[in-house]
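Step one of this worksheet: look at the structure below.
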Amino acid sequence: MKKPFWNFLKLSPLVLAATFCLANSALAAEVNKAETNSVTKSSSDESLGNVTSVSRIARSSEDNIGQVTSVSQFSDVQPTDWAFQSLQSLVERYGCIAGYPNGTYRGNRAMTRYEFAAGLNACLDRVNELIATATADVVKKEDLATLQRLQEEFAAELATLRGRVDALEARTAELEANQFSTTTKLVGEAIFSISDAFGETRAVGSQTILNDPGRTRPGSARVDRDSNVTFSDRVRLSLNSSFTGKDRLQIRLQAGNVAVNSNNTAYGAASTGTQMSRLAYDGFDSNQNSVVIDKINYAFDLKDAIRVKVDANVGEFYENVETFNPDFASSGKGALSRYGRFSPIYRQGQGGAGATISFAPKGPISASIGYLGGGRGNLQSNPTQGSGLFNGNYAALGQLTIKPTQAINIGLTYARTFQNPTGGVNVFESTGSALASQPFGNASTTGNHFGLEGTLQLGKKITLAGWGGYSQLEAVTGFAGTARTATAVGTPAVAKGSQAEAYYYGATLSLKDFGKQGNVLGFIFGVPPKISYSDVRFAGTDGVVRRQRDRDTTYQLEGQYKFQVNDNISITPGVIVLFNPEHNNRNDNEYVGTLRTTFTF
């Protein structure tokens, strides 16, 4: 038993050498078969000697491996390579590589040959730039020699990279030239609304009570209100197209059935009797849920600081200029009431066609001017007398915006308007009293409107906004001759040149992320448009001739809380309260409760 074991020990060096030889074919060729056969009968000392000869064989094999004489033979570039160190020296001397996005140049990491070639190309461009700008003396001859050698060593990689860059530039140019040619983006909004109005009696206009204190005429009689809860909807789909990347063509489709709750003719005792109670998204007493093309407009940059928007159908200034009520301006996500969205001055010319030009140079001051012709029943496409783009209803608006700080934004606005019986006279577009809408009846009316608006950011989550307005109104035509003194009961004395004045104001408060991120708690308070002065007289049923003005004041209060369910769904419950509606303290207070759910996609 001992002799076989001893022979095994004597053979172990042979096994070790054979294993090494099989692992490396280059070494196997150097092993002498005769020496291998003689090992089998050697002593233990001879075996140790053979181990030593194996190490010599390994060293001999290493000496026979070819030496790398050029960096072009490396598959990557290590920080210890001369090429890496040379490029690093050039980077530090000429600043030709900006580094990673965090501003670091990680010079202790290996890089692929293509990464190295990209850095080398940047240094080549930088040195060429220095030479081209007559600063060649800044570039040392030694560095030029180094660059030349590196360029030769990495010629293949540089050529490949430049080819790839050229191909990418060609593809990018093609995309830039064609990416907007057939692209249209669909933007949708759907509103579900549950609403009801509460109050003892239907509101009556202040001038009606004023002229018939005994309530003897049909329009003055008290009517007990009897309304029901309504469930209605409004849907808008906008097709937004761009042809240059800086322009937009909008074609909007709309359908809905949200009733105008102030419509006495359509709803009788269910009506509130005052347009002050109107919702922000109503207006569908006819053509309910019939799809119509609601808007067609095109906006583009005339220059870098000049934006032009052309409205071909249903133009509205409040969609073209700043309204200074950012959290409540939207009809789908903002105020629940019509008046609470923004100042009535932005409703002038509503529904017309025209253009708005906005100037936004660098600095705190910007400006906008615009013109809208037609609107209401006065179609800009109608060529007959009293209609068209310039012979019918129109509004011209100018606004100066001043933003001294990020937290303060101020607007100064002026509008010149004209409305005639052909299109229908509604001076403040159903946001104030009945008298404010038609201070001279349905006679042609011009107006000079002045507005002051502002926004104040109190931190990131609290916003205060407000507006105030004053209007000078004049009758272009008259009724009952030219006298300003009425002689017959129920006959207004409106002469050409009759004057009236109106004012209004409002304020809003929004608390963002109230209770949960994305939720908004909001309050709106204001006085809707009111006729404060008029030289128009009316003979009352009591025989007294009185000036036609709103003698009392309506205060409108709105509270709402918007739950932002997710990015696409919001639910907004709220209530609108009218104290002394129609600027008439003989009317009962009115309340409008609403639950609005808005889907956007």
**Complete:** Note on the range 284-305: residues more than 19 Å from Gln250 (Cβ to Cβ) and either of a type outside the set (D, E, K, R) or surrounded by 12 or more Cβ atoms within 10 Å (Cβ to Cβ) (or both) are Phe284, Asp285, Ser286, Asn287, Gln288, Asn289, Ser290, Ala305
**Request:** Quickly run through the range 503-514 and pick out the residues that are in contact (Cβ under 8 Å) with a residue 40 or more places away in the chain and in contact with a Phe, Trp or Tyr (Cβ under 8 Å, 6 or more places away or on another chain).
**Result:** Tyr504, Gly506, Ala507, Thr508, Leu509, Ser510, Phe514
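For Arg549, indicate whether it is under 19 Å from Lys530 (Cα atoms), touching a Leu at 6+ places or on another chain (Cβ under 9 Å) and assigned to a loop (DSSP other than H, G, I, E, B). Full working, then the answer.
Numbers: under 19 Å from Lys530 (Cα atoms): yes; touching a Leu at 6+ places or on another chain (Cβ under 9 Å): yes; assigned to a loop (DSSP other than H, G, I, E, B): yes.
Criteria met by Arg549.
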**Message:** among the hydrophobic types (A, V, I, L, M, F, W, C), part of a strand (DSSP E or B) and without any contact (Cβ under 8 Å) to a residue 40 or more places away in the chain: which single residue out of Ala259, Ala255, Ala266 fits that description?
**Reply:** Ala255
**Subset of the range 316-351 that is crowded, with 21+ Cβ neighbours inside 10 Å and at pLDDT below 95 - its residue that is farthest from Lys562 (Cα to Cα)** = Gly349
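Conditions tested, residue by residue: (1) modelled with pLDDT under 95; (2) at negative phi; (3) small (Gly, Ala, Ser); (4) buried (at least 20 other Cβ atoms within 10 Å of the Cβ).
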site: Thr384; (1), (2), (3), (4): yes, yes, no, no
site: Gly392; (1), (2), (3), (4): yes, yes, yes, yes
site: Pro404; (1), (2), (3), (4): no, yes, no, no
site: Gly411; (1), (2), (3), (4): no, yes, yes, yes
site: Tyr414; (1), (2), (3), (4): no, yes, no, no
**Message:** Could you go through the range 458-468 and let me know if any residue there is in the same structural domain as Thr274 (by TED's automatic domain parsing) and closer than 21 Å to Arg551 by Cα.
**Reply:** yes
**Asked** Which one of Gly447, Gly424 is in contact with a Lys or Arg (Cβ under 9 Å, 6 or more places away or on another chain), closer than 16 Å to Val476 by Cα, assigned to a loop (DSSP other than H, G, I, E, B) and not hydrophobic (A, V, I, L, M, F, W, C)?
**Response** Gly424
**Item:** Pairs, first within 25 Å of Gly340 (Cβ to Cβ) in the range 281-292, second surrounded by fewer than 17 Cβ atoms within 10 Å (Cβ to Cβ) and modelled with pLDDT under 85, C-beta under 8 Å, six or more apart
**Value:** Asp285/Ala266
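Confirm whether Gly354 is closer than 29 Å to Glu590 by Cα and surrounded by 21 or more Cβ atoms within 10 Å (Cβ to Cβ).
Working: closer than 29 Å to Glu590 by Cα: no; surrounded by 21 or more Cβ atoms within 10 Å (Cβ to Cβ): yes.
Considered against the rule, which asks whether it is closer than 29 Å to Glu590 by Cα and surrounded by 21 or more Cβ atoms within 10 Å (Cβ to Cβ), Gly354 comes out as no.
Every residue, every condition in (1) acidic (Asp, Glu); (2) closer than 22 Å to Gly526 by Cβ; (3) not in a strand (DSSP E or B), yes or no:
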{"site": "Gly283", "(1), (2), (3)": "no, yes, yes"}
{"site": "Glu322", "(1), (2), (3)": "yes, yes, yes"}
{"site": "Asn325", "(1), (2), (3)": "no, yes, yes"}
{"site": "Ser381", "(1), (2), (3)": "no, no, yes"}
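The values are calculated or read from the model by the stated rules, or taken from the named source; none is laboratory data. All of these numbers come straight from a predicted model, not from anything done at the bench. Ideal geometry is used to build each Cβ from the backbone, glycine not excepted, and the neighbour counts take in all protein chains shown.
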